[in-house]
Amino acid sequence: MLNIALFGPPGAGKGTQSDLIVEKYNLHYISTGDLLRKEIAEGTKLGHDAKNIIAEGGLVSDEIIVQIIEKTIVENSESNGFLFDGFPRTYVQAYILAGLMIKLHTSLNCLISLELEEEESVTRLLERGKTSGRSDDNELVIRNRLSEYYDKTLPVLQFYKDKGIYVAIDSKNSIEQVHAEVDKVIQGELSKNLLNIVLFGIPGSGRGRQGVALAKKYGLEYISIGTMLEDEIKKKSKIGIKIKEQRENGLLAPDEIIVQLIEQKLENSHGSKGFIFKGFPRTLVQSYILDGLLQQHGSGISEIIEIEIPTLEAMSRLHARSKTKYAKAYDKSTGKIINRMHEHERKTLPVIEKYKALHHVKKVDGVGSIIEVFERLSNEIEIGFRNL
Ligand code: AMP
């Protein structure tokens, strides 16, 4: 989960920035101000209790805030994460937030503070007041809201400074500039807790089928070089034309091409919880490339899993697949299947050996029904998430 709190005085642009982030990263947006206004509009008891305080620009009690926020969090506990706007606003609420996050077995990644001078806040809010329809966007109430902010909310920053998860951004700049900075912080956070799994196994061991299903179950991005190359061949792209022949003969595609394809994938995948690499790295050179690519994104390999099955079983699976609609060009003759097994033995086994020396390579028995193997792999991935 990616949990971010946007902080700053009224008028700093929290709402505007939230709109941009929530869509991009598919987060659940929680604005305590919006939730309170909804309670008021619906005429609930909570709304009734909060109405006068909001009208005067004061802060609503922590009890009310907990009630509205807990419900929303629990109802959306399966989301990609939360973006908090206008919460926490007091020191007590900072502890409340920590407690709520524990309830979901997660924590706040960072607090982004949009900083703006007091007079600039007033100017912006008066301007907004002309169209917002918010009765609290008038000068008297604005001054009150700001004084509540400086008295009660600003001290909350220390809480997050002490935890080392506070980031300040100057909010005087344009919406686009502020967004670019906020985005950079979030990208950094995303890279920190990605679960990146490398799935090894001989051709026919079930990496593809299992990899796709695991990625779907755990919100990971599946990166299969084979599938990406096939897409290029289908599209008859420049890359596709270049690699077609090598591929049909069971040979590996050139590294420059693979690097390009993976780079694109890493750049374009926002909001995923990590990656499952299948069919990469296949050579020692590629293992260095992968380390470099992940490091470039502030991340690294989290887990290496090798699906083990006897070679004869793999050969007979590939032979069987060649008679179905899932047949791959390189399944079609025993010669090609043997070629791929050789390539694995010569080039990929040394990679697994290298990783054995550096990381722990987990071995998972790939013999059994698809569901049995899937459960074994799921257990390993859940351990990986717990260890992040
Ligand atoms: P906002 O939309 O964030 O500017 O909030 C509007 C008003 O709702 C504030 O001036 C407060 O009266 C109230 N409010 C919103 N969030 C909180 C909170 N976390 N704690 C206490 N009062 C809040």
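Data overview
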item: Distribution of pairwise C-alpha distances over the chain, 10 Å bins, in %; result: 4, 20, 25, 18, 14, 11, 6, 1, 0
item: Violating pairs (Cα-Cα greater than 29 angstrom) within the set Lys192/Lys325; Lys161/Lys216; Lys238/Lys347; Lys172/Lys273; Lys152/Lys192; result: Lys192/Lys325; Lys161/Lys216; Lys172/Lys273; Lys152/Lys192
item: For q = 0.11, 0.17 Å⁻¹, Debye-computed log10 I/I(0) when each Cα of the range 183-300 counts as one equal scatterer; result: -0.37, -0.88
item: Sorted peptide list for 378-387, 217-226, criterion being average Cβ within 10 angstrom, highest first; result: 217-226, 378-387
item: Segment Ser378-Lys130, length gained on full extension (0.36 nm per residue, minus Cα span); result: 83.8 nm
item: For the range 1-150: relative contact order, % (alpha-carbon pairs under 8 angstrom, 6 or more apart); result: 41
item: Per-pair calculated FRET efficiency, R0 = 22 Å: Gln296 and Asn268 via Cβ, rounded to 0.05; result: 0.95
item: Degrees, to the nearest 10: 225-235 long Cα axis against longest axis of the chain; result: 90
item: Residue-averaged 222 nm ellipticity for the chain, from DSSP H runs of 4+ at -39500 (n - 2.57), nearest 500; result: -18000 deg cm²/dmol
item: The range 53-147: trypsin sites (Lys or Arg not before Pro) falling in loop per DSSP and having at most 14 other Cβ within 10 Å; result: Arg134
item: Mean Cβ neighbour count within 10 Å, used as a protection proxy, ranking 234-246, 274-286 highest first; result: 274-286, 234-246
item: Sites Lys354 and Lys103 - FRET efficiency at Förster radius 35 Å, r taken between beta-carbons, to 0.05; result: 0.25
item: Loop GluC sites (Glu not before Pro), the range 104-167, which have at most 13 other Cβ atoms in a 10 Å radius of their Cβ (DSSP); result: Glu117
item: Angstrom value of the Kirkwood radius, inverse mean 1/r, which spans all Cα pairs in the range 1-53; result: 12.6
item: Antiparallel %, DSSP beta bridges [both residues in the chain], to 5; result: 0
item: P(r) histogram, all alpha-carbon pairs of the range 308-377 included - 5 Å bins from 0, percent; result: 3, 14, 18, 20, 21, 16, 6, 2
item: Rounded to 10°, Cα long-axis angle of helix 91-103 versus longest principal axis of the chain; result: 30
item: The chain: angle of helix 255-268 to the longest principal axis, Cα-based, in degrees nearest 10; result: 30
item: Value of relative contact order over the chain, rounded to a whole percent, pairs C-alpha under 8 Å and six or more apart; result: 18
item: Net lengthening on full extension, Asn52/Val285 (0.36 nm per residue, minus Cα-Cα); result: 77.2 nm
item: The range 163-311, relative contact order [Cα under 8 Å, separation at least 6], %; result: 41
item: Theoretical gain in end-to-end length, Tyr326 to Glu176 [0.36 nm per residue, Cα-Cα removed]; result: 49.4 nm
item: Separation of the Lys24 and Val185 label points, Cα + 7 Å toward Cβ, nm; result: 1.3
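Quick note: the coordinates plus some simple rules give every number you see, no bench work behind them. Worth saying up front: this structure is predicted, and the values here are computed from it rather than measured. Glycine also receives a Cβ, built like all others from the backbone with ideal geometry; neighbour counts cover every protein chain displayed.
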